Amino acid sequence: MALMKPAVIPEFFARLRQAIPEPETELEYDNVYQLLVAVVLSAQATDAGVNRATKPLFEKIKTPAQMVALGEKKLIDYIKTIGLFRTKAKNVIALSHLLIERHGGEVPHTHAELQDLPGVGRKTANVVMNVAYGEATIAVDTHIFRVGNRTGLAPGKNPLQVELKLLKRVPEEFRLHAHHWLILHGRYTCKARTPMCPTCVVNDLCTFKGKTTLAA
């Protein structure tokens with residue numbers, strides 16, 4: 001895989017920005033706590049699937065205290081359509097307890113404090129910091145990992161390598177929304193099985209050698 005030339009990276013993101021000027025997460029939530037829960041639930045699950053489960057849940061549960069009062073067994077009833085629901089329910093109840101005990105029921109602002117919560121890894125912490133607190137973090141999920149490698153923008157053998165490379169290569173003016181532009185690009189255009197190269201706005205900047213054609 002050829003590395004994308006630094007000179008074309010600003011144009012790459014300018015085109016993604018032109019297509020979606022104000023990208024947002026597709027997870028549905030009303031406050032930072034609900035966002036954190038939704039992101040924890042979204043691991044190895046689709047945002048649409050999480051939204052279907054959390055819509056009735058979030059109508060009732062808006063704080064860590066309410067979640068703790070609901071309890072693990074009843075939480076499972078809400079999220080049993082999501083993969084790994086038993087482990088996720090256990091983590092959500094545990095992290096809700098810790099938010100109450102350590103943070104006065106508020107969601108913390110730092111990587112370290114977020115990652116101390118059960119079920120919260122680097123990716124989840126980055127999403128919360130970016131979406132809720134406006135930090136220029138880049139959470140590397142399967143879509144961003146694929147796009148970073150396939151396009152030559154930020155190739156790496158694991159998500160952390162791709163994240164660190166993106167933080168170095170993405171121009172500062174695009175860094176705040178880079179996370180969402182790349183996720184949406186991977187979800188709807190640069191798809192895993194059959195990328196939609198003919199309609200891709202950055203086709204000519206991408207170094208992918210296996211581009212699809214209209215005839216394919």
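The values are calculated or read from the model by the stated rules, or taken from the named source; none is laboratory data. Model, not experiment: these values are computed from the prediction. Here the Cβ positions follow ideal geometry from the backbone for every residue, glycine too, while neighbour counts run over all protein chains shown. Accessible surface is based on the protein model in full, side chains and every heavy atom, while ligands, DNA and RNA are left aside. Shrake-Rupley method; radii C 1.70, N 1.55, O 1.52, S 1.80 Å.
Remarks
- Across the stretch 74-141, the convex hull enclosing all Cα atoms gives 95 Å³ per residue.
- Computed FRET value (nearest 0.05) for Arg86 with Lys157, which takes r as the C-beta separation and R₀ as 30 Å: 0.45
- Lys165 accessible area, 1.4 Å probe, all protein chains in place, Å² to nearest 10: 70
- For the stretch 142-206, the Cα gyration tensor yields ellipsoid semi-axes of 18, 13, 10 Å (square root of five times each eigenvalue, largest first, whole Å).
- Stretched out straight at 0.36 nm per residue, the stretch from Lys55 to Asp116 would grow longer than its current Cα-Cα span by 19.3 nm.
- Taking every DSSP helix (H) stretch of at least 4 residues in the chain, weighting each as -39,500 (n - 2.57) and dividing the sum by the residue count yields a mean residue ellipticity at 222 nm of -17000 deg cm²/dmol.
- The slack in the chain from Tyr188 to Gln18, taken as 0.36 nm per residue of separation less the alpha-carbon distance, amounts to 59.6 nm.
- Positive minus negative residues near Thr81 (Lys, Arg vs Asp, Glu; Cβ under 13 Å): +4
- Principal axes of the stretch 3-93: Cα extent on each, largest first, Å: 53, 25, 19
- Compared with the alpha-carbon gap, the fully stretched path from Lys209 to His109 is longer by 31.9 nm at 0.36 nm per residue.
- Eligible lysines near Lys88 by straight Cα distance, threshold 22 Å, same-chain separation 8 or greater: Lys55, Lys60, Lys62, Lys73, Lys74, Lys80, Lys123
- Largest first, the three principal axis extents of the alpha carbons in the stretch 1-153 are 54, 30, 27 Å in whole numbers.
- Net charge over other residues, Cβ less than 12 angstrom from the Cβ of His143 (K, R count +1; D, E count -1): +2
- For the stretch 19-64, the C-alpha radius of gyration divided by 2.2 N^0.38 Å, with N the number of residues, is 1.18.
- In percent, rounded to a whole number, the relative contact order of the chain is 24, using alpha-carbon pairs under 8 Å and six or more apart.
- Evaluated over the stretch 99-208, the Cα radius of gyration and Dmax, each in Å: 15.5, 53
- Rounded accessible area of Lys60 (nearest 10 Å², 1.4 Å probe): 110
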